[in-house]
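Notes follow the structure.
The values are calculated or read from the model by the stated rules, or taken from the named source; none is laboratory data. Computed from a prediction, not measured in an experiment: that's the story for all the values here. Please note: Cβ atoms are built from the backbone with ideal geometry, for glycine as well, and neighbour counts cover all protein chains shown. Just so you know, the surface numbers come from the protein's heavy atoms only, side chains and all, with ligands and any DNA or RNA stripped out. Shrake-Rupley method; radii C 1.70, N 1.55, O 1.52, S 1.80 Å.
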Amino acid sequence: MIDNLSYAWLHDAVSWLLTPSLVALLAGCAIALIEAGIAVGERFHGLARLRAAGNVEHVQKLARHRLERADLLARIPPMLGLMATIIPLGPGLAALGEGDPAKLASAVTVAFDATVLGLIAGIAGLAIGKLRRRWYEETLDAMEPLA
């Protein structure tokens, strides 16, 4: 009896996490889009201005901050996507056991959509991070003779 109550509580708690994880995934995709825009601005205007200013410490601090953001974007949304993939599969499989394939189909659709959102944001974060790392290294290398 106690085991069934603890499992029911656990299931309810985990089910509650689906909506926040999906909202966070959508936010991750929006942040990826914003970061991509910032990266384009950096590449074509911002880094040249930073190089011309000649403040190496400022560039290093800015690079560290922006690379950390891109690294978080590359790591967190795929984890949220996995979480939002697994959460609806439990009730979906239970529905299949009860003879309700439509509920399973709905759960699988949510699961796969969550996976795709997590991967999109993660791929964007990875690409932005790799490009930024190279751009900031080139900028700092160009500034080295000035220091």
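Compute the distance from the alpha-carbon center of the range 7-48 to that of the range 84-119, in whole Å.
Spelled out, the Cα-based centre of one part sits 21 Å from the other.
Rank-order 113-120, 13-20, 74-81 by packing density, defined as the average count of other C-beta atoms within 10 Å over each peptide's residues, highest first.
Ranking the peptides 113-120, 13-20, 74-81 by packing returns 74-81, 113-120, 13-20.
Treat each spin label as a single point 7 Å out from the Cα along the C-beta direction, and report the Val23 to Asn55 distance in nm.
Here the answer is 3.7 nm between the modelled labels.
Taking the alpha-carbon set of the range 41-138, what are its Rg and Dmax in Å?
20.6, 68
Whole-Hz Karplus ³J(HN,Hα) for the range 32-42, in order, using 6.51 cos²θ - 1.76 cosθ + 1.60 and θ = phi - 60°, x for Gly and Pro?
Calculated HN-Hα couplings, in order: 4, 5, 5, 4, 5, x, 5, 5, 5, x, 4 Hz.
For Val40, put the label point 7 Å out on the Cα→Cβ axis and report which residues of the range 114-138 keep their amide N under 20 Å from it.
Those under the cut-off are 120-136.
Helix 2-16 sits at what angle to the longest principal axis of the chain, using alpha carbons and giving 0 to 90 degrees rounded to 10?
Value to nearest ten degrees: 40.
Using only the alpha-carbon atoms of the range 91-147 as identical scatterers, what base-10 log of I(q)/I(0) does the Debye formula give at q = 0.13, 0.19, 0.24 Å⁻¹?
-0.55, -0.74, -0.86
Report, to the nearest 10°, how far helix 101-143 tilts away from the longest principal axis of the Cα atoms in the chain, using its own Cα long axis and a range of 0 to 90°.
10
For the Cα atoms of the chain, what angle does the longest principal axis make with the long axis of helix 56-97, in degrees from 0 to 90, nearest 10?
That helix lies at roughly 10 degrees to the long axis.
Roll a 1.4 Å probe over the protein chains and send me the accessible area per residue for the chain in Å².
Here the residues of the chain average 64 Å² of exposed surface.
Based on the Cβ-Cβ distance of Ser15 and Leu131, what FRET efficiency does E = 1/(1 + (r/R0)^6) give at R0 = 41 Å, to the nearest 0.05?
Plugging the Cβ-Cβ distance into 1/(1 + (r/R0)^6) gives 0.60.
Can you tell me which of 61-70, 82-91, 48-57 comes out highest on packing, and rank the rest after it, using the mean Cβ neighbours within 10 Å?
Descending packing order for the listed peptides: 82-91, 61-70, 48-57.
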